[in-house]
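Just below is one structure, and these are the notes that go with it.
The values are calculated or read from the model by the stated rules, or taken from the named source; none is laboratory data. Given the structure is predicted, the values throughout are model-derived calculations rather than measurements. Quick reminder, even Gly has a Cβ in these numbers, built from the backbone with ideal geometry, and neighbours come from all protein chains shown. Please note that ligands, DNA and RNA were not included when accessible areas were found on the heavy atoms of the full protein model with its side chains. Shrake-Rupley method; radii C 1.70, N 1.55, O 1.52, S 1.80 Å.
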Amino acid sequence: MFRLWTAKYEFIITILCVVQVMLKSLIMSLSPQTLLSAATRQRCVSKLKELPSLVVNDEKASESASVLVPLCVHEGQVCLLYTLRSSNLKNHSGQVSFPGGKADANETNIDTALRETEEEIGIPRDSVYIWGSMPRVQGRNKNLAINPIVGEIRNFDINKLRENPDEVEEVFLVPMQAFCDSSNHAHWVWKGMQLPMFLYGRHKIWGITGAITHMFLNCLLPENEFKGGFSRKKFELEELMNSKL
């Protein structure tokens, strides 16, 4: 009997050690030192260039907009920053988005993303280190093409954000560890296609913002950490459209 209990005890200890090693490996692979390193940045940018364009007909896109896909470090974790659009806005009010908006005349895609970010949440453009651009994404309005710009907010301090209440209701951060948790994965269906979305607390990251997030994370995160599981939970479009979060 003693030998049996000893064997069980040793087995449990072994399992706990394995779990501890796996957790340490996850923490290290998602640490700022790893994810924001020059090597990771170069690998990510290289993958971004290989992504397909999501604009059906670029010639019909008469208007251009840009969004910043903002990486930052908060409380020792690499996060993506999102805004909740003001309920006072005419379009997409109360929905999760990246900072961004339509381009002004003679403005580059990067300039648009940086200007809009500074106007919406008070992040100075000179504090954003640009990694690169993602392929254009078609907006709900087929006349609009959206240019996602990946940037790292250096020396990020959440207390220094200045939200423009006319455009932004809330700013929130999602750590990479949450993106790697499959219980936060879900999908919605559009024209027979399953499209990925993410859940974080009371927020739902879906639509164009969810698609951009999914494409970017596939380029940034290690394959063994960012896995599937999006088919487990399903949301109806009507449910998402009627939800303000």
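Within the option set 150, 168, 189, being among the β-branched types (Val, Ile, Thr) and over 25 Å from residue 66 (Cβ atoms) holds for one residue only, 189.
Listed by first and then second residue, the pairs linking a residue in the stretch 168-189 that is touching a residue at least 12 places away in the same chain (Cβ under 8 Å) to a residue that is aromatic (Phe, Trp, Tyr) and assigned to a helix (DSSP H, G or I), with Cβ atoms under 6 Å apart and 6 or more places separating them unless they lie on different chains, form an empty list. The single residue among 178, 186 that is at pLDDT 95 or above and assigned to a helix (DSSP H, G or I) turns out to be 178.
Filtering the stretch 133-149 to residues that are part of a strand (DSSP E or B) and either open to solvent by less than 60 Å² (accessible area, probe 1.4 Å) or more than 10 Å from residue 109 (Cβ to Cβ) (or both) leaves 137, 138, 144, 145, 146, 147, 148, 149. For the subset of the stretch 174-196 comprising residues that are within 18 Å of residue 138 (Cβ to Cβ) and within 15 Å of the chain's Cα centre (by Cα), which member is surrounded by the most Cβ atoms within 10 Å (Cβ to Cβ)? Checking each candidate, the answer is 196. When residue 107 is tested against (1) acidic (Asp, Glu); (2) assigned to a loop (DSSP other than H, G, I, E, B); (3) open to solvent by 70 Å² or more (accessible area, probe 1.4 Å), just one condition goes unmet, and that condition is (3).
Filtering the stretch 197-214 to residues that are open to solvent by 30 Å² or more (accessible area, probe 1.4 Å), touching a residue at least 40 places away in the same chain (Cβ under 8 Å) and in contact with a helix residue (DSSP H, G or I) (Cβ under 8 Å, 6 or more places away or on another chain) leaves only 204.
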